[in-house]
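Contents: one structure, followed by commentary.
The values are calculated or read from the model by the stated rules, or taken from the named source; none is laboratory data. Everything numeric here is computed off the predicted structure, so don't read it as measured data. With ideal geometry, Cβ positions are generated from the backbone for all residues, glycine too; neighbour counts draw on all protein chains shown. Each accessible area value is taken on the protein alone, full model and side chains, heavy atoms only, with ligands, DNA and RNA left out. Shrake-Rupley method; radii C 1.70, N 1.55, O 1.52, S 1.80 Å.
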Amino acid sequence: MSRHDTSDLIFRRVLAAFPITVLIIVAGIFFELVYSSLPSLHKFGIGFLYHSIWNPVEENFGALPFIYGTCVTSLVALLLAIPIGVGAAIYLVEYAPVKVSRVISTLVDLLAAIPSVIYGLWGIFVLVPFMRNVVQPFLGKYFGFLPLFQGPNYGIGMLAASVMLAIIIVPFIISVSREVIAAVPFVYKESAYALGATRWEALSNIVLSYGKAGILGAVILALGRAIGEVMAVTMIIGNDPKIALSLFSPGYTLASVIANEFAEADFPMYLSALIEIALVLFLVAIIVNILARLLIWSVTGAQSAEAVK
Amino acid sequence: MNTNGRIEVKNLNFYYGNYQALKNVSMTVEPHQIVAMIGPSGCGKSTLIRIFNRMCDLIPSTRVEGKVLIDGKDIYTKDTDVVSLRRKVGMVFQKSTPFPKSIYDNVAYGLKIIGIKDHRVLNETVEKCLRRSALWDEVKDHLGKSALSLSGGQQQRLCIARAIAVDPEIILMDEPCSALDPIATARIEELMAALKDEYTIVIVTHNMQQAARVSDKTAFLMHGQLIEYNKTTDFFTNPSNKITEDYITGRFG
Ligand SMILES: Nc1ncnc2c1ncn2[C@@H]1O[C@H](COP(=O)(O)OP(=O)(O)OP(=O)(O)O)[C@@H](O)[C@H]1O
Ligand SMILES: [Mg+2]
């Protein structure tokens, strides 16, 4: 064995240790969560996932309201954030003058660095009143026939939380999409123009189909962020464990309930139930990631791998 | 045989910012001819053919002086419809640029964007163009497969099929064979000879044998100037300009 082979081997082993360590940590977290939630797992079984009562006084715990709140707010946030984020990225790369684009891009990247408690404060003082006085009355008036926009209007609630989440994740989507779109080789756009495509056609069916995989990747990251967001959501969602169809009504999310109630969980079953909530959050995050990845594969097929070359 | 597809260039100057890339170029390309453009790297060949379909518009702060007429019509007036000009003057690039779509959708792309949805029309055009570009026999059983799965030479022929699907009069080719092996190159050259009946072709090439083999006329550019433009046979056997002679005999780069 030559000197080179040996050093290569050592180097490879050392590098391999890093991903293995990460795996061990993740597995460790998982087992710790399972272990600590065993009392709750035993008592409530699978029913924990679909029972909608959360009553610490009677030691009766069901996670459905939190699962519901997390899914609804994340989903609505994505619905709002994807068109805005991708649209803004297209504008910045394709239409904005270089200087404008540079300034806005820097600002957007800065937005991603703002601590979420500050978003939360802004939410309480600006977003919630705005929702209460402008957005929700408008929706109620013109779209009130949909069950989504009915019921009392407090300002705080799932819609406000969704908008908040959308605002938090939009910078993510913009920055990644911007890079993806800018990375599409110019000659592909030229090829579309050479066939008589307008600017919009070249963008929508050539540039975006090259960028599809990357943009979806950005969306997954954003979704992960939305599912796990604690502070900003807790401050404006209303923290009420109930399941209501109306987006105007208060709700609760998995992440919020853990943060809010952990300190007051003063008997073992309560604590165990909260840890089981954490376990559910962990699994939801992983499942969403897997689903999103499957979606990427099915949308882009084998093409994306080659398109990236 | 239609007689459209004439390009006339009159006293053309072209600037990238302050840099003048073309200097007082005048030439005429007759319909149904193949014109080869040769010259050292950076002399302005690509720039010149990109002026013919206004692809140079895409680069900011460029400027065109002089006149370029296609079929007698000035293409640099304010009311020139650039989109329809580009359908009339197709282009094939050095690197093949298949879209990440199926083979069928690549060829049909130019038709679909102008709203042609009739499947019979689309099917016929796709088949006709793939036959014309000598690709049909190789792909007819898997038109639904991704265009990215084709070989480099096949991809380039696909790009030619895609270009002729919008029924252009002129096809511009910028070093279409430079990434291909000799066999794939020979197929593209045969294809050009076959396409000549219907289209005017302007091809940029670094390969002088190729220019001599395929073209009716050859243009030689250097430092943005058109040094010589002549019938290909005369151009290579009896160049009228000393610089041309030096270039084609390989006396400089
Ligand atoms: N986008 C651009 N901005 C500024 N200058 C450019 C640009 N494109 C080309 N040029 C300059 O214009 C001149 C002509 O370029 P062009 O691409 O037409 O050369 P070419 O003859 O096609 O060369 P090659 O054989 O290497 O492809 C070169 O000096 C080049 O540096
Ligand atoms: Mg060139």
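Structure values in brief
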| quantity | calculated |
| --- | --- |
| Condition met for residue A:181 (away from chain B (no Cβ under 14 Å) and either hydroxyl-bearing (Ser, Thr, Tyr) or more than 30 Å from residue A:248 (Cα to Cα) (or both)) | yes |
| 2 or more residues open to solvent by 10 Å² or more (accessible area, probe 1.4 Å) and over 27 Å from residue B:211 (Cα atoms): qualifying strands (runs of 3 or more DSSP E) within the stretch B:30-115 | B:62-70 |
| Hits in the stretch B:114-167 (condition: among the charged types (D, E, K, R) and within 12 Å of chain A (Cβ to nearest Cβ)) | B:145, B:162, B:167 |
| Any hit, the stretch A:161-179, residues being without any contact (Cβ under 8 Å) to a residue 60 or more places away in the chain and over 30 Å from residue A:68 (Cβ atoms) | yes |
| Breaking point among (1) within 14 Å of chain B (Cβ to nearest Cβ); (2) in a loop (DSSP other than H, G, I, E, B); (3) surrounded by fewer than 19 Cβ atoms within 10 Å (Cβ to Cβ), for residue A:187 | (2) |
| Some residue of the stretch B:177-191 being crowded, with 21+ Cβ neighbours inside 10 Å and within 14 Å of another protein chain (Cβ to nearest Cβ) | no |
| Boolean, residue B:229 is out of contact with any Asp or Glu (no Cβ under 6 Å at 6 or more places or on another chain) and within 23 Å of residue B:132 (Cβ to Cβ) | no |
| Which listed residue, of A:278, A:285, A:255, is surrounded by 16 or more Cβ atoms within 10 Å (Cβ to Cβ) and either at pLDDT below 90 or within 14 Å of another protein chain (Cβ to nearest Cβ) (or both) | A:285 |
| Of residues in the stretch B:33-71 being more than 22 Å from residue B:169 (Cβ to Cβ) and within 14 Å of chain A (Cβ to nearest Cβ), the one nearest to ligand 2 (Cβ to nearest atom) | B:59 |
| Set A:194, A:161, A:113: member being at pLDDT 90 or above and either exposed (fewer than 13 other Cβ atoms within 10 Å of the Cβ) or touching a strand residue (DSSP E or B) at 6+ places or on another chain (Cβ under 6 Å) (or both) | A:194 |
| Pairs where the first residue, in the stretch B:206-222, is farther than 21 Å from residue B:93 by Cβ and the second is part of a loop (DSSP other than H, G, I, E, B), C-beta under 6 Å, 6+ apart | B:216/B:33; B:220/B:39; B:222/B:39; B:222/B:43 |
| Single unsatisfied condition, residue B:166 versus (1) open to solvent by less than 10 Å² (accessible area, probe 1.4 Å); (2) within 17 Å of residue B:98 (Cβ to Cβ); (3) among the β-branched types (Val, Ile, Thr) | (1) |
| Unmet requirement for residue B:167, which otherwise passes all of (1) over 18 Å from residue B:84 (Cα atoms); (2) more than 16 Å from ligand 2 (Cβ to nearest atom) | (1) |
| Helices (runs of 4 or more DSSP H) lying entirely in the stretch B:145-253 (those with 2 or more residues that are within 28 Å of residue B:56 (Cβ to Cβ) and within 16 Å of ligand 1 (Cβ to nearest atom)) | B:208-214, B:242-248 |
| Residue under evaluation residue B:105, criteria (1) at pLDDT 90 or above; (2) out of contact with any helix residue (DSSP H, G or I) (no Cβ under 6 Å at 6 or more places or on another chain); (3) more than 14 Å from every other protein chain (Cβ to nearest Cβ), criterion not met | (3) |
